[in-house]
Amino acid sequence: MTVEATAHKLTVASALGDYTVSVEPSLLTSAHTARPYIDQVAHDCVVVADAKVLELFPDSPWFADESRIIGLTAAETVKTLDGVQELYQAFVDRGVRRSTTVVVVGGGIVQDVAGFACHTFLRGVRWWYLPTTLLAQADSCIGAKTSLNHFTSKNILGTFARPDRVLIDPAVLSTLARVDRASGCGELLKVFLMKGREAFAPYARDLDALLDAEPGSCARHIAAGLAVKTEYIEEDEFDRGRRQLLNYGHEFGHALEAASDFAVPHGLAVALGIDFANRLACRRGGGDAEFVAEVGGVVSRLVAGLAVRRLRWADLLQHLGRDKKRVGKDLTVVVAHRYGSLEKLIDVTREEAAAVAADLEHIHFTDLDRTAPVREQEQP
């Protein structure tokens, strides 16, 4: 996979087919801006849209024909095989054919459900993606992954299914709650740390502008973040090697989401997972204490409004042991030793993980004592 970038456009070459990512204000709301794109699919398309987005932008040119609209509630309970089944039926009811283009409008949950459905309905129909959250615009819109939950296991089902086109409107981010923008900034934090200090520094400097949805800053950092991600997926599109480093912060993050019954938003869970991973690297002697402190300061700014702070470690550990990238009997955690230096550990013991978790600043585990030795936890 290779990527060519202009100011706010990425052309992604993939084994699954090339696709273009365009970052342009008012793509969702302006008929003038959207018209060239709508005209390409207007002859045969349906629109799968987040129900909240339909309410927020009822006059969007993409929603002009109500007979083509399929509303979808963006909830983790929908990101399941049952949710996909309901979407299949909606496709049948709307007469979706192999010639139809499905335009998907919404955040990551809508992308996962609709992308999976499009990839498997009629053995695959074309789909375009208009991401409406910072989390989706800055991360999940590229990389060709769709993920579904199965009972209590997060993202354990899925396919590689890239959209045929991605259209990003950074202007819609002003409608999000600040916590949702902070969640998106958690994923941006990940890729900029992976790139190095030279990428992290401008992100940290502009963090307030990102949290305030300043359009220019959002467009610039979204494009930069996607460019970093492509450096990993270009050489490992199907996630067998280097791309797995993009799981930095996600092992702990996914477990935290599940243990909190998804009360902790994904990107904030990832930010806390990054803090956990950095501290783990330091505990092993390979990390940089100054790096941990600098990144921890940004994490503190992101999670300042986090409501869920008291959990049981035993609950989180149960989900951590189920991570789909885990190998062997120990835990798998991608850690960063310093800016741009990452390693995938596959031998993290439960004792190590518990010791690090006990010292986290932003979440208190009621069954871990910060002052007492941590005993080895029973394997879930």
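The values are calculated or read from the model by the stated rules, or taken from the named source; none is laboratory data. This one's a predicted model, so the numbers in the text were calculated from it and none came from an experiment. Cβ placement follows ideal geometry from the backbone for every residue including glycine, while neighbour counts extend to all protein chains displayed. We work out accessible area using only protein heavy atoms, side chains counted, and drop any ligands, DNA or RNA first. Shrake-Rupley method; radii C 1.70, N 1.55, O 1.52, S 1.80 Å.
For residues that are assigned to a helix (DSSP H, G or I) and more than 20 Å from residue 164 (Cβ to Cβ), scanning just the range 80-89, find the one that is least open to solvent (accessible area, probe 1.4 Å).
Result: 83.
Of the residues 273, 249, only one is crowded, with 17+ Cβ neighbours inside 10 Å, free of Cβ contacts under 8 Å to residues at least 60 places away in the same chain and under 16 Å from the mean Cα position of the chain (by Cα); which?
One residue alone meets the criteria, 273.
Residues to consider are 158, 196; find the one that is open to solvent by 10 Å² or more (accessible area, probe 1.4 Å), small (Gly, Ala, Ser) and either at pLDDT below 95 or farther than 13 Å from residue 221 by Cα (or both).
Unique residue meeting the criteria: 158.
Collect the residues in the range 339-380 that are of a type in the set (Ser, Thr, Tyr) and either touching a helix residue (DSSP H, G or I) at 6+ places or on another chain (Cβ under 7 Å) or modelled with pLDDT of 90 or more (or both), keeping them in residue-number order.
Within the range 339-380, 339, 341, 349, 366 qualify.
Pick from the range 161-183 the residues that are hydrophobic (A, V, I, L, M, F, W, C) and surrounded by 22 or more Cβ atoms within 10 Å (Cβ to Cβ): which of them is nearest to residue 224 (Cα to Cα)?
168
What residue, of 234, 290, is closer than 20 Å to residue 203 by Cβ, over 17 Å from the mean Cα position of the chain (by Cα) and surrounded by fewer than 17 Cβ atoms within 10 Å (Cβ to Cβ)? Steps first, answer last, please.
Working: 234 fails: closer than 20 Å to residue 203 by Cβ.
Just one listed residue meets the conditions, 290.
Working carefully through the options 357, 314, find the one that is out of contact with any Lys or Arg (no Cβ under 7 Å at 6 or more places or on another chain), part of a helix (DSSP H, G or I), touching a residue at least 24 places away in the same chain (Cβ under 8 Å) and more than 17 Å from residue 269 (Cβ to Cβ). Can you show your working first?
On the way: 357 fails: more than 17 Å from residue 269 (Cβ to Cβ).
So the residue among 357, 314 that is out of contact with any Lys or Arg (no Cβ under 7 Å at 6 or more places or on another chain), part of a helix (DSSP H, G or I), touching a residue at least 24 places away in the same chain (Cβ under 8 Å) and more than 17 Å from residue 269 (Cβ to Cβ) is 314.
If you take the residues in the range 58-79 that are part of a helix (DSSP H, G or I) and among the hydrophobic types (A, V, I, L, M, F, W, C), which one is farthest from residue 31 (Cα to Cα)?
78
Please go through the range 88-111 and pick out each residue that is in contact (Cβ under 8 Å) with a residue 12 or more places away in the chain, within 23 Å of residue 157 (Cβ to Cβ) and among the polar types (S, T, N, Q).
111 - this is the single residue of the range 88-111 that is in contact (Cβ under 8 Å) with a residue 12 or more places away in the chain, within 23 Å of residue 157 (Cβ to Cβ) and among the polar types (S, T, N, Q).
Taking the options 13, 49, 64, name whichever one is small (Gly, Ala, Ser), buried (at least 18 other Cβ atoms within 10 Å of the Cβ) and either touching a strand residue (DSSP E or B) at 6+ places or on another chain (Cβ under 6 Å) or within 18 Å of residue 169 (Cβ to Cβ) (or both).
On the way: 13 fails: buried (at least 18 other Cβ atoms within 10 Å of the Cβ); 64 fails: buried (at least 18 other Cβ atoms within 10 Å of the Cβ).
Residue meeting the stated conditions: 49.
I'm trying to understand the selection: among the residues of the range 269-326, which are of a type in the set (Gly, Ala, Ser) and within 28 Å of residue 178 (Cα to Cα)? I'd like the intermediate steps shown before the answer.
As a first pass, look at the range 269-326 and keep what is of a type in the set (Gly, Ala, Ser): 269, 271, 273, 277, 281, 285-287, 289, 293, 296-297, 300, 304-305, 307, 314, 321.
269, 271, 273, 277, 293, 296, 297, 300, 304, 305, 307, listed by residue number.
Determine whether residue 25 is open to solvent by 50 Å² or more (accessible area, probe 1.4 Å), in contact (Cβ under 8 Å) with a residue 60 or more places away in the chain and more than 29 Å from residue 239 (Cα to Cα).
Criteria met by residue 25.
Report those strands (runs of 3 or more DSSP E) wholly inside the range 114-220 carrying at least 3 residues which are aliphatic (A, V, I, L, M).
It comes to 165-168.
Can you spot a residue in the range 99-118 that is of a type in the set (D, E, K, R), crowded, with 20+ Cβ neighbours inside 10 Å and modelled with pLDDT of 95 or more?
Among the residues of the range 99-118, at least one is of a type in the set (D, E, K, R), crowded, with 20+ Cβ neighbours inside 10 Å and modelled with pLDDT of 95 or more, which makes the answer yes.
Could you list, in sequence order, the residues of the range 179-222 that are hydroxyl-bearing (Ser, Thr, Tyr) and over 25 Å from residue 341 (Cβ atoms)?
So in the range 179-222, the residues hydroxyl-bearing (Ser, Thr, Tyr) come out as 183, 203, 217.
Passing the criteria: 183, 217.
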